[in-house]
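Working notes, structure below.
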Amino acid sequence: MVARILIVEDELAISEMIEIALTNVNFEVIKAGDAEEAMRLLGEMLPDLILLDWMLPGGSGIEFARRIKNRELTQHIPVIMLTAKGEEADKIHGLDAGADDYITKPFSPRELIARIRAVLRRTAPHTESEMIEVDNLVIDTASHRIMVNDQSLELGPTEYRLLHFFMTHPERVYSRSQLLDRVWGSNVYVEERTVDVHIRRLRKALTPYGHDRFVQTVRSAGYRFSTKV
Ligand code: CA
């Protein structure tokens, strides 16, 4: 699964430079020119990380960071703030508002990519490994195989992608539209009820092993993969 980065930056030259650098190392990039556009995009899709410029028109980056961190469906998305040189107060405010890291302009693409990878490793440690194991449920992304208690488990392609997404993003709530976006893709038109159908199939496949309990319904919010009750 390719990591998706949302860039929120009003200066076109900078956001294009970042886009080229990130696309070159196979990140998927989405851009917003201000906080409003970014907020609207977040209603439609879910990034793995947000690069947020401190100085934005129509509201500071810090307000936007606070809004993200106050909403259940976006609060887990890591944020790296882009700040101007030497503005120590900005950095402190940014970290107070929930930013996970900051990088000072001007920065090199290499430095930016290293920071992004470090934050992703910390916040979603499983996205780059091939074998993911949760309580004897093992997904081998290299061979697309799933094992439960050392037995092979056959899943349909959508259930496989759903389980893979859940296992790489555990302990967080995702709405149906967020799951549609990440598992089905943003360009596919599918009704939200489709998610429920595939959740049911996934649970049914996991039921003989008792692992269906990990696929949890969160009332009026969506679904969560969790090993906790
Ligand atoms: Ca700016």
message: One residue is enough: does region 122-145 have a residue meeting the conditions under 20 Å from Ser15 (Cβ atoms), at pLDDT 90 or above and either assigned by TED's automatic domain parsing to the domain that holds Val8 or surrounded by fewer than 19 Cβ atoms within 10 Å (Cβ to Cβ) (or both)?
response: no
- request: Could you run through region 56-76 and say how many residues are touching a Gly at 6+ places or on another chain (Cβ under 9 Å) and in contact (Cβ under 8 Å) with a residue 40 or more places away in the chain?
  value: 4
query: Could you say which residue among His211, His144 is on the phi > 0 side of the Ramachandran plot and out of contact with any His (no Cβ under 8 Å at 6 or more places or on another chain)?
result: His144
- request: Can you confirm whether region 35-52 contains a residue that is of a type outside the set (A, V, I, L, M, F, W, C), in contact with a Pro (Cβ under 7 Å, 6 or more places away or on another chain), surrounded by 15 or more Cβ atoms within 10 Å (Cβ to Cβ) and closer than 19 Å to Ala99 by Cβ?
  value: no
- line: Taking region 33-58 and keeping only residues that are of a type in the set (Gly, Ala, Ser) and more than 12 Å from the ligand (Cβ to nearest atom), one is left with Ala38, Gly43
- prompt: What tally of residues in region 36-68 results from selecting those that are in contact with a strand residue (DSSP E or B) (Cβ under 9 Å, 6 or more places away or on another chain), at pLDDT 90 or above and within 22 Å of Val119 (Cα to Cα)?
  reply: 14
- prompt: Going by the conditions given, is Gly61 within 16 Å of the ligand (Cβ to nearest atom), farther than 24 Å from Ser220 by Cα, touching a Ser or Thr at 6+ places or on another chain (Cβ under 7 Å) and not charged (D, E, K, R)?
  reply: no
- prompt: Across region 200-229, what is the number of residues that are surrounded by 18 or more Cβ atoms within 10 Å (Cβ to Cβ) and touching an Asp or Glu at 6+ places or on another chain (Cβ under 6 Å)?
  reply: 2
- request: Say whether the condition of being more than 30 Å from Lys69 (Cα to Cα) and surrounded by fewer than 13 Cβ atoms within 10 Å (Cβ to Cβ) is met by at least one residue in region 179-199.
  value: yes
field: Scan of region 1-29 for residues that are within 16 Å of the ligand (Cβ to nearest atom) and either closer than 14 Å to Met81 by Cα or free of Cβ contacts under 8 Å to residues at least 40 places away in the same chain (or both), ordered by number
entry: Leu6, Ile7, Val8, Glu9, Asp10, Leu12, Ala13, Ile14, Ser15, Glu16, Ile18, Glu19
task: Within region 64-103, track down each residue that is closer than 29 Å to His169 by Cα, within 16 Å of the ligand (Cβ to nearest atom) and not basic (Lys, Arg).
output: Phe64, Ala65, Val79, Ile80, Met81, Leu82, Thr83, His93, Gly94, Ala99, Tyr102, Ile103
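The values are calculated or read from the model by the stated rules, or taken from the named source; none is laboratory data. It should be emphasised that the depicted structure is a prediction, and the values quoted were computed from it without experimental measurement. Virtual Cβ from ideal backbone geometry, glycine too; neighbours counted across all protein chains shown.
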